[in-house]
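Working notes, beginning with the structure itself.
Please treat every number below as a calculation from the coordinates, not as lab data. Note that the structure is a prediction, hence the values are computed from the model and not measured.
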Amino acid sequence: MLKTVAAIACLFPFLAAAQAPLPATDVTAAQVQAFLKALPRDAVSDRPIRVVDVGGYRVGIYGVFRPKSAKQQATFHQTKVTEVYQMLDGAGTLVTGGTIVDPVNTSAAAKSIGHTSVVGPSIQGGVSRRLTKGDVVIIPGGTPHWWSNLETDITYMIIRPDPESTIPLK
């Protein structure tokens with residue numbers, strides 16, 4: 001019994017070190033604002049601010065600018081990555097669920113978000129909601145979504161938890 005206790009006591013520092021928590025990652029408001037200000041204004045921009053490994057999966061924080069004048073495509077991502085939108089500026093109508101009309105597979109998003117997508121001109125049979133500054137919406141992976149109407153240019157952040165670690169680190 002004493003030998004068992006001694007062996008556990010000797011192994012304890014190694015076990016504790018193996019389970020040490022990962023450090024937190026800070027992204028300040030100033031960093032977010034500077035990042036968003038630098039995004040191109042002539043097209044939809046969805047780019048990573050930070051993507052970190054949090055122990056078995058990744059979490060990405062993205063900045064998005066959508067000009068009112070840009071064509072808004074319906075999309076669903078072929079992944080388990082959930083998207084959490086936090087509206088920072090502007091207003092528009094977001095449709096989720098339903099079926100994408102005339103769907104086309106694309107790999108355009110694969111470079112920055114780690115997976116392919118299906119796009120189309122609109123969604124049939126989805127749920128519409130108007131989003132404005134401060135609103136948050138959670139879109140599960142594989143759920144079609146589409147900005148059907150933008151009242152203004154919009155800016156928002158997306159938090160993407162990635163259980164499959166397909167999003168490239170940044």
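Structure notes:
- Here segment 18-38 and segment 125-144 have alpha carbon centers that stand 24 Å from each other.
- P(r) tail fraction, segment 25-162 - alpha-carbon pairs more than 25 Å apart, %: 21
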